[in-house]
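Enquirer: Quick one: this structure, given as structure tokens, is what I'll be asking you about.
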Amino acid sequence: MTDRIPATLVETIDPRSPIRLTPAQAGGVIHTRSFSGLFRNLRRYGAGALFLLFFGTAWLNWGGRQAVLWDLNESKFYIFGATFWPQDFILLSALLIICAFGLFCITVFAGRVWCGYSCPQSVWTWVFMWLERFTEGERNQRIKLDAAPWSVGKLLRRGAKHALWLAVSLVTALAFVGYFTPIRELTHELLSLELGLSSASWLFFFTAATYLNAGWLREKVCLHMCPYSRFQSVMFDDSTLLVTYDSARGEGRGPRRKDADHRAEGLGDCIDCTMCVQVCPTGIDIRDGLQLDCLSCGACIDACDTVMDKMGYARGLVRYTSERALAGGRTQWLRPRLLGYAAMLGLMIGAFGWGLQTRALVSLDVTKDRGLFRENGAGQIENIYRLKVINKTQEPRRYALSLVDAPPFALQGKRELLLAPGEILDLPVSVALVGRQAVSSSEPLRFEVVDLDDPAIRVSTASTFVSPIDR
Ligand code: SF4
Ligand code: SF4
């Protein structure tokens, strides 16, 4: 039995090449090795939480309807007990901006950890890799299978892999489309083969997109298609935590006996086993220094820590650290850029919360009728308006319709409105000038709608009253 850790060359497209190209550099297929460790576990928890959120929320009911549903036909967005209308989409835009800012904050703090742990592209790719390992075996078996001629065994393994990939892709597409079409109806239509053309097209599109992105394109999406990967490096500073190989400690690299005094032999702690490369989902060698292609997933840290444990060396030859710490300084946790981002994020979350809290639960649009004015039976000048009242709550509501500071104007007709949950009432009303003669050809007036059960819910909208001034 030998206690020498074998050094293995990284596979290259051309095995005769003296240059040790990683599969990514060589443009080949990346077959990652299995590994275990803290960061793999963290990623599993992150993926589990994301899956639970994505699939669980799609199927969750709340108050008798799907909890989260963007009804495109009715232009309404239901999210738990609240209904958002096109007028509220400014709030949704604000939410997206907050998410983007949160991402900037995380990137300044710890680089591409979002990419490595939570980005759906990475998470689904890890799941597809796991299915690949389940059907085609470990890394070496997969490499052999790739090179082997077609046989029944290869066909069965490949077939099983693609069938599982397609099944996961279809379930993913179903959940995604289910956020825009009631998911229970959609599933029923799918199972009874009664899908409409639109639903079928979207399901097909998202199934194909998931299958191609997570099954075939994988790291190429992160390396060549994701715009975020291109510009996020400008957010790094010398205290940003990045996955880094400690070259001062690791070099010169090379195989050695476990009990050898490697320092005396002029060797560093890196035994050149290439485990860090073999587990890397983007196929890069972290020992080449900081690279744009690194997703900060920590897989190489887990792999290298396992090797260090076996060798009896201290962990952390590859670790999350900052450029500043690596140069012998101290990582600055509370630095102006990070504090600035965090303060902005806090302010935006506060403003969003305030906007949500004070969001009008009833809306009133007023459109003046095209006819300027007319004279009614009592000889009064009258204007016609079309009111659009929306009950934005999910309960029936009674409202009082009135004019603010009414005299000299009088509202004719209906004053109390009963609206069903989410109802849009289109109401023509007339207003007459009753108190006095017109003083101007155009005078301001304001309509108001007040919730009779909760007077705090009210909205008013301005318009104008037009008169013949020469009267
Ligand atoms: S850095 Fe660690 S995992 Fe990578 S080759 Fe060196 S010893 Fe092996
Ligand atoms: S170099 Fe390490 S942290 Fe970066 S992507 Fe590869 S395995 Fe993940």
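Enquirer: How large is ³J(HN,Hα), in whole Hz, for each residue of the range 334-342 in order, when computed from phi with the Karplus curve 6.51 cos²θ - 1.76 cosθ + 1.60 and θ = phi - 60°, using x for Gly and Pro?
Expert: So the Karplus estimates, Gly and Pro as x, are 9, 10, x, 5, 5, 5, x, 4, 5 Hz.
Enquirer: Keeping all protein chains in place, calculate the accessible area per residue for the range 49-168 (probe 1.4 angstrom), answer in Å².
Expert: Averaged over the residues of the range 49-168, the accessible area is 51 Å².
Enquirer: Still on this structure: Please get the size of the charge dipole for the range 362-466, origin at its Cα centre, with Cβ charges of +1 on Lys and Arg and -1 on Asp and Glu, quoted in debye to the nearest 20. All intermediate terms of the calculation are to be shown ahead of the outcome.
Expert: On the way: 13 positive and 14 negative charges, 44 e Å.
In debye, rounded to 20, the range 362-466 gives about 200.
Enquirer: Go through Arg249, Arg218 and list them by solvent-accessible area, largest first, probe radius 1.4 Å. Write down the numbers at each step before the final one.
Expert: Values: Arg249 45, Arg218 20 Å².
Most to least solvent-accessible, the answer reads Arg249, Arg218.
Enquirer: Right, next: From the mean inverse distance of alpha carbon pairs (Kirkwood) and the Cα radius of gyration, derive Rg over Rh for the chain.
Expert: On the way: Rg = 32.3 Å, Rh = 27.8 Å.
Here Rg/Rh amounts to 1.16.
Enquirer: Would you mind getting me the FRET efficiency between Ala314 and Ala264? Use the beta-carbon distance for r and R0 = 25 Å, nearest 0.05. Write down the numbers at each step before the final one.
Expert: Numbers: r = 18 Å, r/R0 = 0.71.
Computed FRET efficiency for Ala314 and Ala264: 0.90.
Enquirer: I would also like to ask the following. Name the trypsin sites (Lys or Arg not before Pro) in the range 424-468 that are in a loop by DSSP and that have at most 12 other C-beta atoms within 10 Å, would you? The partial results should precede the final answer.
Expert: On the way: sites: Arg436, Arg446, Arg458; in loops: Arg436.
For trypsin sites (Lys or Arg not before Pro) across the range 424-468 that sit outside H, G, I, E and B with at most 12 neighbouring Cβ atoms in 10 Å, the list reads Arg436.
Enquirer: How much area per residue is accessible in the range 362-466 when the probe is 1.4 Å and only protein heavy atoms are counted (Å²)?
Expert: Values: 5270 Å² over 105 residues.
The answer is 50 Å² per residue.
Enquirer: Going toward the positive end of the dipole of the chain, with +1 on Lys and Arg Cβ and -1 on Asp and Glu Cβ, which of Phe231, Gln66, Cys270 do you reach last?
Expert: Checking the options against the dipole of the chain, the answer is Cys270.
Enquirer: Pulled fully out, how much extra length does the chain show between Ile424 and Asp237, if you take 0.36 nm times their separation in residues and subtract their Cα-Cα distance? Working shown, then result.
Expert: Details: separation 187, 0.36 × 187 = 67.32 nm, distance 5.19 nm.
Stretched out fully, the Ile424 to Asp237 stretch lengthens by 62.1 nm.
Enquirer: Further question: Taking only Cα atoms, what is the 0 to 90° angle, nearest 10, from helix 299-311's long axis to the longest principal axis of the chain?
Expert: 30 degrees
Enquirer: Relative to the longest principal Cα axis of the chain, at what angle does helix 89-110 sit, 0 to 90 degrees, rounded to 10?
Expert: 20 degrees
Enquirer: Follow-up. Taking all protein chains as present, what is the carbon and sulfur share of the accessible area of the chain, in % to the nearest whole number, probe 1.4 Å? The partial results should precede the final answer.
Expert: Numbers: 15730 of 24690 Å².
It is 64 percent, rounded to a whole number.
Enquirer: Just grab the label-to-label distance for Ser442 and Ala351, each label 7 Å out from Cα along the Cβ direction, in nm (one decimal).
Expert: Each label point lies 7 Å from its Cα, and together they span 3.2 nm.
Enquirer: Let me ask another. Any idea what diffusion coefficient the range 58-176 gets from Stokes-Einstein, in µm²/s, Kirkwood Rh on alpha carbon pairs, 10 °C, 1.306 mPa s? Can you show the working numbers first?
Expert: On the way: Rh = 18.3 Å.
Estimated diffusion coefficient is 87 µm²/s.
Enquirer: Please get the size of the charge dipole for the chain, origin at its Cα centre, with Cβ charges of +1 on Lys and Arg and -1 on Asp and Glu, quoted in debye to the nearest 20. Before the final figure, lay out each step's value.
Expert: Numbers: 51 positive and 45 negative charges, 205 e Å.
The calculation lands at about 980 debye.
Enquirer: Helix 120-136 versus the longest principal axis of the chain: what angle, 0 to 90°, nearest 10, using Cα atoms?
Expert: For helix 120-136, the angle is close to 40 degrees.
Enquirer: Using modelled backbone amide H atoms (1.01 Å from N, in-plane), which distant-in-sequence or interchain residues come within less than 5 Å of Asp269's amide H?
Expert: Gly250, Glu251
Enquirer: Please work out how much length the chain gains when fully extended from Asp453 to Glu375, using 0.36 nm per residue of separation minus the C-alpha to C-alpha distance, in nm with one decimal.
Expert: Values: separation 78, 0.36 × 78 = 28.08 nm, distance 3.64 nm.
That pair, Asp453 and Glu375, stretches by 24.4 nm at full extension.
Enquirer: Once Lys and Arg get +1 and Asp and Glu get -1 on their Cβ, which of Gly102, Leu387, Ala462 lies farthest toward the positive end of the dipole of the chain?
Expert: With unit charges placed on the Cβ atoms, the residue in question is Gly102.
The values are calculated or read from the model by the stated rules, or taken from the named source; none is laboratory data. Bear in mind that the values here come from a model prediction, so they are computed numbers and not experimental data. Here the Cβ is made from the backbone with ideal geometry for all residues, glycine too, and neighbour counts use every protein chain on show. Please note that ligands, DNA and RNA were not included when accessible areas were found on the heavy atoms of the full protein model with its side chains. Shrake-Rupley method; radii C 1.70, N 1.55, O 1.52, S 1.80 Å.
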